[in-house]
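Please treat every number below as a calculation from the coordinates, not as lab data. Computed from a predicted model, the values in this text were never measured in an experiment. In this analysis, Cβ positions are derived from the backbone assuming ideal geometry, glycine residues included, and neighbour counts consider all displayed protein chains.
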Amino acid sequence: MPTDHIAELLERIPDKLLPLDRWHRAHGGRMVSFAGYQMPVQYEGVMAEHLWTREHAGLFDVSHMGQTVLTGETPDRALEAVVPGDIQALKENRLRYTLLLNETGGILDDLMVTRRARDLYLVVNGATKYDDLAYLRETLPDEVVITLLDERALFALQGPKAAAALASLIPEVTDLYFMQAGAFVFEGTQLWISRSGYTGEDGFEISVDVDHAEALVDRLCAHESVKPIGLGARDSLRLEAGLPLYGHDMNDEVTPVEADLGFAISKRRRIEGGFAGADRVLGELNGGAARKRVGLMVEGRQPVREGAEIFAGDIPVGIVTSGGFAPSLGVPVAMGLVASRHAANGTQLHADVRGKRIAVTVAAMPFVSHRYRRASVT
């Protein structure tokens, strides 16, 4: 069958619906196609929802993401063949951000890994989850069993008042610090809750059986500090927080070093290697990469969007990978991949926006400081 005909058939496949699709529509959610799902992009408006999350607490439905468990014989050791993180050293009920790599060191996905008592719990991106599962099944030994938790919904509660709102239902969550997780019971239903998120704010990700998802969301949104928030604000929040988005700021041709995610390469793995693409990744880690993800402050009020070419004088030196207005700052900001010789903070460059050159300056990230609740170090 011709490739173009296959693509045409795929375009006709209807989007999947979130478990709470009708709930979102009933609460004013404007639904759009995203990652193969109908997702709420906004309720009241992106700006208002963004600022509400920064000041109060926003509830995001991220049930499209792939909740997966690995069980069987030494799944931690097996997973290390394709990620650069030290999974074997991960303690129970602790999370680690890591990267799924191909044989050339390109990023196939970014994900969170949690060690639980009897398995590894992974959360991967919704747009890539089936490709990720296929890659893991092809790469990991048969002794490792990979299970997609289709019967679970996932919500992110984010913002400075998120902890108080969730603690009003489950007081024990106040014992969690950033990148810690645990099992909790709410009205007879078991939840898996981690203190994590992708907005730069303190918050939680909550996994719940789909049959009990609506009751939980209703109780959370009954709290005066909590409102449902759409994809639009989720994107502007993570951009302000300097957090890369898979498929935009990184992809299978971008390495962890180029993506400025060297922190995800654990100390032991830097010494031992042994992960997909290690030769290239460790070579760039030691000798530098040709390009680097950087933050960009934009002069004026016009945002620069993904795909805009970046210039040093008349020489093209990179491309904008994410861009938009930062409501917390009142100015446009962006991220881009630029040649390393132009990646120092303070470097003056220009982005081409429909033939108009917009001045941009390489800047440190995050643009808005993270406010995670970290455990104190003694």
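For the range 71-86: of the residues being aliphatic (A, V, I, L, M) and buried (at least 21 other Cβ atoms within 10 Å of the Cβ), which is farthest from MET179 (Cα to Cα)?
VAL82
Looking across the range 299-333, not a single residue is closer than 15 Å to VAL46 by Cα and more than 26 Å from the chain's Cα centre (by Cα). Being among the aliphatic types (A, V, I, L, M) and either in contact with a Pro (Cβ under 6 Å, 6 or more places away or on another chain) or surrounded by fewer than 21 Cβ atoms within 10 Å (Cβ to Cβ) (or both), is that true of even one residue in the range 188-209? Checked the range 188-209: no residue is among the aliphatic types (A, V, I, L, M) and either in contact with a Pro (Cβ under 6 Å, 6 or more places away or on another chain) or surrounded by fewer than 21 Cβ atoms within 10 Å (Cβ to Cβ) (or both). For the range 154-183, which residues satisfy the criterion of being buried (at least 21 other Cβ atoms within 10 Å of the Cβ) and under 20 Å from LEU120 (Cβ atoms)? Listed by number, the residues that qualify are LEU154, LEU176, ALA181. The one condition from (1) in contact with a Leu (Cβ under 6 Å, 6 or more places away or on another chain); (2) surrounded by fewer than 16 Cβ atoms within 10 Å (Cβ to Cβ) that GLY346 does not meet is (1).
Search the range 142-172 for residues being charged (D, E, K, R) and within 22 Å of the chain's Cα centre (by Cα), and hand back the single one that is nearest to SER196 (Cα to Cα).
LYS161
Suppose we filter LEU99, LEU95, LEU111, LEU120 for residues that are more than 29 Å from GLU240 (Cα to Cα) and within 22 Å of the chain's Cα centre (by Cα); which single one remains? The match here is LEU120. Taking (1) more than 21 Å from SER63 (Cα to Cα); (2) acidic (Asp, Glu); (3) touching a residue at least 60 places away in the same chain (Cβ under 8 Å) in turn, GLU92 satisfies each apart from (3).
Cβ separations smaller than 6 Å between residues 6+ apart or across chains give the following pairs from the range 211-235 residues that are part of a helix (DSSP H, G or I) to residues that are not hydrophobic (A, V, I, L, M, F, W, C): HIS212/THR189; ALA213/PRO19; GLY232/GLN42; ALA233/GLU49; ALA233/HIS50.
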